[in-house]
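Each reported figure results from applying straightforward, stated rules to the coordinates on display, with no laboratory input. No experiment lies behind these values; they were computed from the predicted model shown. Here the Cβ positions follow ideal geometry from the backbone for every residue, glycine too, while neighbour counts run over all protein chains shown.
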């Protein structure tokens, strides 16, 4: 992977050099040198970018499913449809294990049927 493809991959993924540095544990200066072609891009970084790019649709779908189900669980708690218990540290109401398992089973069925 050359510098131009590296920058293009970051752009396609909507990542800044700083964000990519934070994700990979590299120093931001190193990522900048990769992008400028001053340093060769390590093979494992090129591989990681290709894998993320190849699976972006799947990753986006999973993130959206998590967001939707998080909202659904929160709404069910607010409506009182899920038994909850109080979490002392945050003061938030948490759904009971049994009801969360039930919602997760519904999610699995939904994913498997699609």
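Here are a few things to note about the model shown:
- Label sites at residue 47 and residue 29, each approximated as a point 7 angstrom past Cα along Cα to Cβ, lie 2.8 nm apart.
- Placing a pseudo-label 7 Å from each Cα along the Cα-to-Cβ vector at residue 5 and residue 75 gives an inter-label distance of 4.4 nm.
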